[in-house]
1. I'm told N148 meets every condition in (1) away from the ligand (no atom under 13 Å from the Cβ); (2) within 19 Å of C119 (Cβ to Cβ) except one. Can you identify the failing condition by its number?
2. Give me the pairs, please: first residue somewhere in the range 271-299 and under 16 Å from P50 (Cα atoms), second residue anywhere and assigned to a loop (DSSP other than H, G, I, E, B) and charged (D, E, K, R), beta-carbon distance under 7 Å, and either six or more positions apart or on two chains.
3. It is to be established whether one or more residues within the range 181-202 are among the hydroxyl-bearing types (S, T, Y), at pLDDT 95 or above and in a strand (DSSP E or B).
4. Report yes if A150 is outside any helix (DSSP H, G or I), among the small types (G, A, S) and closer than 22 Å to L284 by Cβ, otherwise no.
5. Would you point out which residue out of A88, A117, A72, A100 is among the hydrophobic types (A, V, I, L, M, F, W, C), farther than 25 Å from F314 by Cβ and part of a helix (DSSP H, G or I)?
6. Exactly one of (1) closer than 28 Å to G54 by Cβ; (2) charged (D, E, K, R); (3) surrounded by fewer than 21 Cβ atoms within 10 Å (Cβ to Cβ) is unmet by D327. Its number?
7. Taking the criterion of being polar (S, T, N, Q), modelled with pLDDT under 95 and over 23 Å from K318 (Cβ atoms), would at least one residue in the range 30-53 satisfy it?
8. Every residue in the range 204-213 that is more than 16 Å from A247 (Cβ to Cβ) and either touching a Ser or Thr at 6+ places or on another chain (Cβ under 7 Å) or not in a strand (DSSP E or B) (or both), please.
Amino acid sequence: MNPRRAAWLAALAVSAVAALAACSPGASGGSSGGSSSGGLKTGLKVYVVPKQLGNPYFTVADSAKTGGAIAALNALGESGTETSGTAATPSSQIPAIQAAISKGANALVVSASDSSALCPTLTSAMRRGVTVVTYDSDAPACRDLFVNQASSKAIGTSEVDLLAKEIGDSGQIAIVSAAASATNQNAWIGYMKQELKKKYPKIRLVSTVYGNDDPTTSTQVTQGLLEQYPHLKGIISPTTVGIAAAAAVLDSPKYRGKVQLTGLGTPDEMKKFVSDGTVKAFELWNPADLGYLAAYAAVDYASGKLSGAAGQSFTAGKLGRFTVGPDKTIVLGPPLVFTSSNISKYHF
Ligand code: RAM
């Protein structure tokens, strides 16, 4: 072959490889630094965007101190920043996401307060090559991967089973949820309704109210339920903010032992209600592990190590190996049940 043609072909091959790399799932929006020995990029700008700042659940999930998302990002040599608004609403969360994109985010790790409201912003980030990983609360139409805390079905059905046992399988119950738009709570509530229909014909779900992951609103909606339904036998609150507020309302001789409460709470916030008998059992996972896993998934994706195809696996540091399942979803593991016999062992 003539040398000029060979040089031209070589140049063509190099630019084709570069173009392919730019289109790969790992191509990221802003500039990124080097590459670690494990093949993961370093120096990535990763923004962790919880539903809201100031919610103890997300503080544990995200912080460096607790071993959450920022700890994982630090260990991987990335630049990790937690950002969001102070209310669990899209109007509070979207400006923080937009600011992160303007600052050159390579990856976003987002818990969606409202998936349809967030999707235009997340979709435009993805079009610019920013990796979008949801954790805790999904935005299925506009993300590369979702890191789920546990199977949504297991969370929803087990909460109903816990409450059914406490109220003797019959009577009126209600749900104190987070925001009406929250993907995670709505998925769990869907499975709660299925479980009630399938297994508990004598339990009647009389109302679902929304405390918006705001302590004051959660207290008010719980008080409203108790006034409206004087025969209420139980409440499920699948939100750490809601269950802590509902437990404080029920923590009086008028309700203790008469209205049962279960749901999802942090052991640190719920200890006092378990030790005085207001709450018998509730569930959660370690939020720090969830944040840590989501950070690894984001860095692996942004480094081109994951494409979201089912069956791919990767190592998330101290947590070990995980496999991508259907719907580009990675599951942390089964939820833990806390009772008076084990709660003192947990500190988060
Ligand atoms: C609240 C939030 C979060 C949820 C937990 C259980 O802190 O709504 O999204 O996963 O509760």
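1. (1)
2. Short answer, once both residue conditions are applied: L290/D136.
3. Within the range 181-202, none of the residues are among the hydroxyl-bearing types (S, T, Y), at pLDDT 95 or above and in a strand (DSSP E or B).
4. Values: outside any helix (DSSP H, G or I): yes; among the small types (G, A, S): yes; closer than 22 Å to L284 by Cβ: yes.
So A150 passes the test.
5. Among A88, A117, A72, A100, only A117 is among the hydrophobic types (A, V, I, L, M, F, W, C), farther than 25 Å from F314 by Cβ and part of a helix (DSSP H, G or I).
6. For D327, the exception is condition (1).
7. For the range 30-53, residues polar (S, T, N, Q), modelled with pLDDT under 95 and over 23 Å from K318 (Cβ atoms): present.
8. Scanning the range 204-213 gives T208, Y210, N212.
The values are calculated or read from the model by the stated rules, or taken from the named source; none is laboratory data. Values in this document were obtained by computation on a predicted structure and should not be read as measured data. We place every Cβ from the backbone using ideal geometry, glycine too, and count neighbours over all the protein chains shown.
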